[in-house]
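Written out below as structure tokens is the structure these notes cover.
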Amino acid sequence: MEDFQTLLDNYEQQTQAAEGEVLKGTVLKVTGDAVIVDVGRKSEGIVPIRELTNAEGQLTVRPGDVIDVVVEREEPERGVLLSHERAVRLRLWDDLELAHQQNTIIQGHIVSRIKGGLACDIGIKAFLPGSQLDTRPVHNLDGYLGQEVRVRIIKLNKKRGNVVVSRKAVLEEEVALRREHTLASLAEGEVISGVVKNITDYGVFVDIGGLDGLLHVSDLSWGRIGHPSELVRPGDEITVKVLKFDREKMRVSLGFKQLLPDPWSDAAERYPIGARVRGKVASITDYGCFVELEQGIEGLIHISEMSWSKRAKHPSKLVNVGDEIECVVLEVNPGDRRMSLSLRQAQSNPWESLHERYAPGTIIEGRVRNLTDFGAFVEVEDGIDGLIHISDFSWTKRIKHPSEVVKKGDKVRAKVLGIDADNRRLSLGMRQLEPDAWESFFETRQLGDVLPGKVVRIAAFGAFVELQDGIEGLCHNSEVNPEVTGGAPLEVGHEYEFKIIKLSPSDKKVGLSLRSMLHHGDREALEAYRHAPSGATSTIEDMIGYKRVGNGDSNS
């Protein structure tokens, strides 16, 4: 009997679990509000049915299933009370402690955003700090909500029920493994696949297997691009070529355009000199504009090749970015990747037909566009300017500056004098609209004529005399006799009688003399004396009224 009692006590000790210990139990049956479970004790245990039903109210177990339970307490009337939920939690904590000890990767689900990071469901709610979310700083945590993530437990406190996990630790280990594999096989010239990680103004960083390579903006496309984001986005998987690899510094330069043919290789054959081509204005500078003919092929239209006639201060006055235009190929240099184009040569040259519209002698009407020291430019038609030289404003007036006659913006009439189409020059004249006053003067005057004149300017060598409106002559100092002026020099504004002693139509010059006028009067006095009636008492000197200057002898 003593041996039997000892065996019975030992059995009860073995089957009586300590409170809180997780046991395995077999489902026997289901009653109205409970599930009867055999846990190997003298009496069966009871689990509330709510702990074994799902969200839809359906029972998740059936007789014969083995489940985890924990003894809560024993009641005389109901027997042993068990908890399946508590057993699951305790078993989960055991699993989490083991995962923490062994540094095991576990699966989690991001459920919400909390202060400083995210809540991650790993069976219980664990804290995933924002700094442990990725290998690079993450600015938008909301983008991870609802995602499945692989994490490691980096801190665990069972008593407080706190667990901190890290996704960054998992990623760093994976990156290190991939980098090791990449470094062992990477070589210049190799074509590999990568994922766009980050985009900057100067290029794109591509993950090529745990190692970041730089795809510079100049190696993205043969053509012009404003920003790398025009071609790729973060997360895009792209194929690239390894251009340069520094194993010691672990720097990799990548190329994307190098996987495509260079469009300049046969540009000279596809764009022969003189060919008419169409393209889009890609950019505008102070000296011209660049036209994109195809991706990677651009040509320059210099400002001098933009128009036959318009003198634009800036190319933007003639074209806009995005305009589609037709132009002519002037030069192709594949080695320097340069092409010269002409916009004006794709258009008719208005200067070639200008003589048909404005033959010499044609009278035009235009607006003064600009004034210079040597003349005025008059717009004859859109883009065609003619020059009125300062000498062609008046036949007679001495014009020092065009502003004395016209002002910018004035509407004037002029006559076409000549056209130089090769040098794009059009000569105009305003004085040619009126008769030549000099021509009329020379036609009506001859040597020896005496006419009044007013002194208008005094020079060191003589006096300039206005004979009629706009017609001036020169009386040299040697042709002035003090007897006529009373010994005083010629004065500006005084009028005298002058004799013409020189006429030069080709030079438009007239020589005048006061001395010749005196000799002329002398002869007239002598003639009067010879024909005077007898008995006259006047002397020759009285008739002449002067003494010769010099040696004091009388003039005879």
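Every number here is computed from the coordinates shown, using simple stated rules; none is lab data. Please read these numbers as outputs of a predicted model, since none were measured by experiment. Cβ placement follows ideal geometry from the backbone for every residue including glycine, while neighbour counts extend to all protein chains displayed.
For the pair Ser478 and Glu190, how long in nm is the line joining their label points, each one 7 Å along Cα→Cβ? Result: 10.3 nm between the two label points.
In degrees from 0 to 90, rounded to the nearest 10, what is the angle of the helix 168-185 Cα long axis to the longest principal axis of the chain? Orientation of helix 168-185: about 70 degrees from the principal axis. In degrees, nearest 10, range 0 to 90: what is the angle between the Cα axis of helix 84-102 and the longest Cα principal axis of the chain? Orientation of helix 84-102: about 60 degrees from the principal axis. Close amide-amide hydrogen proximity is noted between Leu118 and Leu128, Gly130, each under 5 Å apart and 5 or more residues distant or on a separate chain (H modeled in the peptide plane; Pro and chain starts excluded). Computed extension gain for Val22 through Thr362, at 0.36 nm per residue and net of the alpha carbon distance, reaches 110.7 nm. Cα centroids of segment 284-323 and segment 128-155: 52 Å apart.
Straight Cα distances below 23 angstrom link Lys29 to the lysines Lys42, with same-chain residues fewer than 8 positions distant left out. The distance from the alpha carbon centre of segment 407-452 to that of segment 196-275 is 68 Å, rounded to a whole number.
Annotation: amide H of Thr285 within the under-5 Å range of Phe290, sequence separation 5 or more or interchain, hydrogens built in the peptide plane. Using R0 = 51 Å, the C-beta based FRET efficiency linking Lys400 and Asn320 works out to 0.75. Partner lysines whose Cα lies under 27 Å from the Cα of Lys155, excluding those fewer than 8 positions away in the same chain, are identified as Lys115, Lys125, Lys168.
Label the chain by shape, choosing from rounded, prolate and oblate, from the square roots a ≥ b ≥ c of the eigenvalues of the Cα gyration tensor; if a/c is under 1.5 it is rounded, and otherwise prolate applies when a/b is larger than b/c, oblate when it is not.
In terms of gyration-tensor shape, prolate.
Take the Cα of Gln101, go 7 Å toward its beta carbon, and the backbone nitrogen atoms of segment 149-165 under 20 Å from that spot belong to 152-165.
Hey, with R₀ at 41 Å, roughly what FRET efficiency would His139 and Lys159 work out to, going by the Cβ-Cβ distance, to 0.05?
Efficiency, rounded to the nearest 0.05: 0.70.
Taking segment 329-371 and a reference point 7 angstrom along Cα→Cβ of Arg270, the backbone N atoms nearer than 20 Å belong to 329-342. Model label points for Ala421 and Ala459, set 7 angstrom from Cα along the Cα-to-Cβ axis, are 4.3 nm apart. The label-point distance for Lys411 and Lys280, in a model that sets each label 7 Å from Cα toward Cβ, rounds to 4.4 nm.
Between the listed residues Val455, Leu156, Thr31, the Cα displaced farthest toward the positive end of the dipole of the chain, a dipole computed from Cβ unit charges relative to the Cα centre, is found at Val455. Structure note, pairs Lys310/Lys397; Lys317/Lys407; Lys400/Lys509: Cα-Cα distances above 22 angstrom occur for Lys310/Lys397; Lys317/Lys407. For Glu74, the residues whose modelled amide H falls within less than 5 Å of its own, excluding neighbours fewer than 5 places apart on the same chain, are Leu81. Overall, the chain carries a charge dipole of about 980 debye about its Cα centre when +1 sits on the Cβ of Lys and Arg and -1 on the Cβ of Asp and Glu, all other atoms neutral. The phi torsions of segment 428-437, fed into the Karplus equation with coefficients 6.51, -1.76 and 1.60 and a -60° offset, translate into couplings of 10, x, 9, 5, 5, 6, 10, x, 6, 4 Hz, rounded to whole numbers, with Gly and Pro shown as x.
Bridgeable lysines around Lys241 (alpha carbons under 20 Å apart, same-chain partners fewer than 8 residues away excluded): Lys197, Lys249, Lys257.
Packing around the peptides 63-74, 293-304, 105-116, taken as the average count of other Cβ atoms within 10 Å per residue, puts them in this order, highest first: 293-304, 63-74, 105-116.
Note the angle between two axes, namely the Cα long axis of helix 2-15 and the longest principal axis of the Cα atoms of the chain, as a number of degrees from 0 to 90, rounded to the nearest 10. The angle comes out near 10 degrees.
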